[in-house]
Each structure stands twice: as structure tokens, then as C-alpha cells.
Amino acid sequence: MAAAAATSPARAAAWAFAAATCVKLLLVPTYRSTDFDVHRYWLALTHALPARRWYTDASSQWTLDYPPFFAYFSRLLALPAPLVDASLVSLPVPDAPPSFAYLLYLRLTVAFSDLLLLLSSVLLLATDALTRRRRRPFLSLALVLWSPALLAVDHVHFQYNGFLMGLLLLSLHFLEQGRDLAGGVVFAALLCSKHLFLVAAPVYFVYLFRHYCCGRGVVRGLGRLVLMGAGVAAVFAAAFVPFLYYGQMQQLFNRLFPFGRGLCHAYWAPNFWVFYILLDKILAFLLRRLGFNIQIPEASFTGGLVGNSSPFAVLPKVTPITTFFLVILAMSPCLMKAFSKPQPRHIIRWVSYATTCGFMFGWHVHEKASLHFTIPLALIAMDSLEDAKHYFVLSIVSCYSLFPLLFENQEYPIKVMLLLTYATLMWVGFSSHFAAKSPQEGKKVNESGGVVRKNSFIGWISFSYLLGIVAIELWSQVFHHYVFGSRFPFLPLIMVSLYCGVGMMYSWMWQLAWIVRH
């Protein structure tokens, strides 16, 4: 680690990326989810059919439900595909299992698209004269490129989050550098690639309006507002005007925002709604025991199913508009900070907090969405001891919450080793980094309840909580079967969601407290 840090940033980054790529190649033959079939179909769809049929084709259950820029991205990835295997881009997609060349090509497209993540991370590592920030440590880059959650979701489960996070980090790099127009345009491109990043749009709007447009005189400020609006509008026009011309905007909108899917995903993301659902179940049970006539909905969350409505027995039904207002309310302290004192050095924190709010209170949140804030927070995890302690807990909780995605036995050692390796990297890296601080800083840290010994940088509460994860895993893998047999198969998943939800709530409150204090 020290040798890598001593070399030039470019060489160190290349070494870290090469090491990550070797791991990705080893993961090629592992389990792949239905998302593999989804992206496999989208490659064939965008290659074999004209654009006017992309959002109307219903010949497969894997309909295209990402914005147009991602469809163009799939089209680009499909161009060399016939040279590898013609069936990669043929419709209908063959029912037979893919050949190894077929599988390798799709896996390599994910690894190749991670180059954008590498580029953005390297740019964010560099010295920033505008914010007077020194070069970030090499470990910050390693925490991004070696994220076990990203490796599991993209290179086992199968998605392209590395490419999308690369766009987000590139936008944040431009904002940190004071190049607000470029940052806004890149963020618009990100929204046209994956609309779930819309949750960060309020922070972007407020920050760019105050930092880029205001305080420069009426005429110049208005000119900048028009320029920013024109740049963003040009990006959205490039994405959506063709489909507006085809008269498919309503169809496209319905694909992007399927509100009928319900409040929660089949596997509950560890957010606020886990506690809301369980409170409803507890209240229903207690009221029925007291003699009240409580009707239990047929579509039960405990069965892991989600219908077209939220099946609550006692508590009020939650609607998409309710979650929207909750997200904005939770985000409001950050928006006020961005409006009152827009500072480029805080933009990563503000955007991370906004995506955390979306994860905690949003509608039909996927557990994989935790990547939207854990990856950016990795870059600032070494800004202070408190940041390191927060990220250490958050990253472990986020990764563990994704364990149910890789449910086959042969992948179990992989996900455990990825998490343990990453935790060890953080422990050694953070301990070494902060042990090298001045004695005065160490004294202050000790007085605040932080570092007690040179080899220990987290308090007993955090340590006890993380030990609880071990207990949850032992119950799920060993004791549940002996106690309940085949009954209550969804109970281990509920326990994981609930316990990780505690850690996610802690992270949200920690970030909120930091923003309020600063």
C-alpha cells in the first residue's frame, strides 16, 4: 500500500484497477441474476430493432425501462458483439444457456465500462487549488475500485453501476473544480442514463443556481442561467426528442416510472420503511390479541411479494407522493445549506446525503441503490477520523445488506471473503493513516471518545453493532434451519433488512448532523 502510494497517482491508479480487473475475471463464471438476461436482451433489442421500437417492443418480459442514453450505450456495446457470437444480438434471444464466449463478452463489457469510474476517481484524487484541498490518499481510490458491494452487484449479480457511478463522480469532479457548467451537463447525461439519480437533482439545482448564477449581477447571472439551461436542455433533447417525434413519450414515461410496483422491493431495502412495515405487523398482532377485528391483507410483505398497493393492516397506506415529500423534507437541511453558502468542497457530501435520503424514504427502493452514496463517501472517508469511523460501519452494513442477492452456495465464500478483505483494508489503512497524525490531534480524538489505542479506531458501540452482523449471519446460515426447519423462509431476510436498517438510519442521521454542524 505504501509503495503504491509513493508512486505517481496514474501508476498507482493503474495498479489498483489492474488488481480489481483480475478479481473481475475470476468472477466471470459465477452466478448471474435475471439482470444478466435483461441486459443480454437490451443488447439484442437495440442492435436488431430501430430506435422507434425500443420502448414499444413487448416480445419479452425484459422490456427496456432505462432512459435513452443507456439504450444508446447498450447499442454501442452491441456493435462488436457479432464478431464474438452472432446470437448475442439476435432476436428472439435463444433460450439455450449462453456459451462461454457469450458470457465472457458481456462480463467484459461491464469491466470495460468501469474505465470511466477509474478516470473520475483519479480526477477527484488530484490536488484542488480552488478548494485548497491536498491530494486525497491512494486508499480513497482503492476504496472505490475495490468496493465489495460494487464487485458483487456488477460483476456477479450483473449490472453497470460502475459506469453510472463514473458519470456521477465526473460531475462531482467538475463541481469541485468550479466548472459548474460541465458538472451540470454531465449530471444531465447521468439522468438520461439512469433516472433513479433524480433524487440528487434538487441539490444540483439549488447549488448550481446559487454558485453559478447568483452573486454576479442581474445581467450576467441571467446569462449564466440561460447558458446552464441551454446546456441541460440540449442533453435532454438529444435523449428524448427522437421519442417525442415518434409519439412515445407516454409509453417511455410509464416504463421509467412504474409506480404500480409497490412501496418495497421483494427483498426489502434496509431503510425507514422496514421499520414502518414491521410496526404495522406488530400493531396488527397486538390489536387482534386484544379483540379488535383487524383484517390482514392477502398480499403480505412477509411472503416477499409486492402487489399494486401497500398491504398495511393498521398504519396508513403509503403512496408515491408521500415518499416524495418525505424525501424532500429529509433533504431540506442540505438544500438550505447549499442555498445559503454553496461551497464546492462540500458538494460530495451534499449529493451523497441527497441520495441517502432517497434510499431511506423513497418509493420501491432497491437495496443496490446504497451504492449511490457509499461510493462517493469512500472518496472523503479519510478527510477526518469521524468520516473514517462512519464509512467503516456504513460500507460493511451496505455490503452485508447485499448478501441475499448472491444466494447460491458456491458464491457464499466469495461474498464473505470480499467483505472481510475490504474490512481488513479499511482497518489497517485507517488505523495507519490516523496513527500518523500529530500527538495533539490524537489527544483530541481520545477526549472525544475516538481512538483509544493505536490499533483501534472505532468505539465499543460500533464494534458491538458489527459483531451483531456475525450473529445475524450465524442465525441465517445455521440456527434458523434447526429451529424452524422449512417454516418462515423469509425471516432471515427480514432480520438482515431490519438489522442493516439500523446501520443505515445511523448513517443518515450522522450525515444530517454533519451537515447541520457545518
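The figures follow:
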item: Of all residues in the range 75-114 being in contact (Cβ under 8 Å) with a residue 12 or more places away in the chain, under 16 Å from LEU167 (Cβ atoms) and among the hydrophobic types (A, V, I, L, M, F, W, C), the one that is least open to solvent (accessible area, probe 1.4 Å); result: VAL110
item: For TYR506: the one exception among (1) of a type in the set (Phe, Trp, Tyr); (2) modelled with pLDDT under 95; (3) open to solvent by 60 Å² or more (accessible area, probe 1.4 Å); result: (2)
item: Matching helices (runs of 4 or more DSSP H) fully within the range 171-282 where at least 2 residues are more than 28 Å from PRO50 (Cα to Cα) and under 23 Å from the mean Cα position of the chain (by Cα); result: 180-191, 201-208
item: GLU386 being within 26 Å of LEU405 (Cα to Cα) and either open to solvent by less than 30 Å² (accessible area, probe 1.4 Å) or out of contact with any Ser or Thr (no Cβ under 6 Å at 6 or more places or on another chain) (or both); result: no
item: Subset of the range 49-66 that is in contact with a helix residue (DSSP H, G or I) (Cβ under 8 Å, 6 or more places away or on another chain) and over 16 Å from TYR245 (Cα atoms) - its residue that is most open to solvent (accessible area, probe 1.4 Å); result: TRP62
item: Pair list, Cβ under 9 Å, 6 or more apart: the range 476-505 residue within 25 Å of TRP273 (Cβ to Cβ), other residue of a type in the set (Ser, Thr, Tyr) and open to solvent by 60 Å² or more (accessible area, probe 1.4 Å); result: PHE488/THR302; PHE490/THR302; LEU491/THR302; ILE494/THR302
item: The range 24-40 residues that are in contact (Cβ under 8 Å) with a residue 60 or more places away in the chain and outside any helix (DSSP H, G or I), paired with ones that are among the acidic types (Asp, Glu) and open to solvent by less than 30 Å² (accessible area, probe 1.4 Å) (beta carbon under 6 Å, 6 or more apart); result: THR30/GLU411; TYR31/GLU411
item: Subset of the range 396-432 that is polar (S, T, N, Q) and over 15 Å from VAL496 (Cα atoms) - its residue that is most open to solvent (accessible area, probe 1.4 Å); result: ASN409
item: Given (1) in contact with a helix residue (DSSP H, G or I) (Cβ under 9 Å, 6 or more places away or on another chain); (2) at pLDDT 90 or above; (3) open to solvent by 50 Å² or more (accessible area, probe 1.4 Å), number of the condition GLY215 does not satisfy; result: (2)
item: ALA188 open to solvent by 20 Å² or more (accessible area, probe 1.4 Å) and either modelled with pLDDT of 95 or more or over 30 Å from TYR31 (Cβ atoms) (or both); result: no
item: Of the criteria (1) in contact (Cβ under 8 Å) with a residue 24 or more places away in the chain; (2) among the basic types (Lys, Arg); (3) closer than 21 Å to LEU125 by Cα, which one ARG210 fails; result: (3)
item: All positions within the range 67-89 that are of a type outside the set (Lys, Arg), closer than 30 Å to PHE187 by Cβ and either in a helix (DSSP H, G or I) or touching a Leu at 6+ places or on another chain (Cβ under 8 Å) (or both); result: PRO67, PRO68, PHE69, PHE70, ALA71, TYR72, PHE73, SER74, LEU76, LEU77, ALA78, ALA81
item: Long-range neighbours under 9 Å by Cβ, at least six apart or interchain, first residue more than 19 Å from CYS213 (Cβ to Cβ) and at pLDDT below 95 within the range 343-355, second surrounded by fewer than 24 Cβ atoms within 10 Å (Cβ to Cβ) and not charged (D, E, K, R); result: ARG345/LEU130; ARG345/THR131
item: Top-ranked residue of the range 351-379 - restricted to ones that are among the hydrophobic types (A, V, I, L, M, F, W, C) and open to solvent by 10 Å² or more (accessible area, probe 1.4 Å), ranked as nearest to VAL318 (Cα to Cα); result: TRP363
item: Given (1) in contact (Cβ under 8 Å) with a residue 60 or more places away in the chain; (2) within 19 Å of VAL351 (Cβ to Cβ); (3) surrounded by fewer than 23 Cβ atoms within 10 Å (Cβ to Cβ), index of the condition PHE174 fails; result: (1)
item: Qualifying residues in the range 479-497 (those that are assigned to a helix (DSSP H, G or I) and open to solvent by 60 Å² or more (accessible area, probe 1.4 Å)) - the one nearest to ASP387 (Cα to Cα); result: PHE479
item: PHE339 more than 17 Å from ASN271 (Cβ to Cβ), surrounded by fewer than 17 Cβ atoms within 10 Å (Cβ to Cβ) and aromatic (Phe, Trp, Tyr); result: yes
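The values are calculated or read from the model by the stated rules, or taken from the named source; none is laboratory data. Note that the coordinates shown come from a computational prediction; the quantities given were computed from them, not determined experimentally. With ideal geometry, Cβ positions are generated from the backbone for all residues, glycine too; neighbour counts draw on all protein chains shown. To get the accessible areas, we keep the full protein, side chains included, count just its heavy atoms, and leave off ligands, DNA and RNA. Shrake-Rupley method; radii C 1.70, N 1.55, O 1.52, S 1.80 Å.
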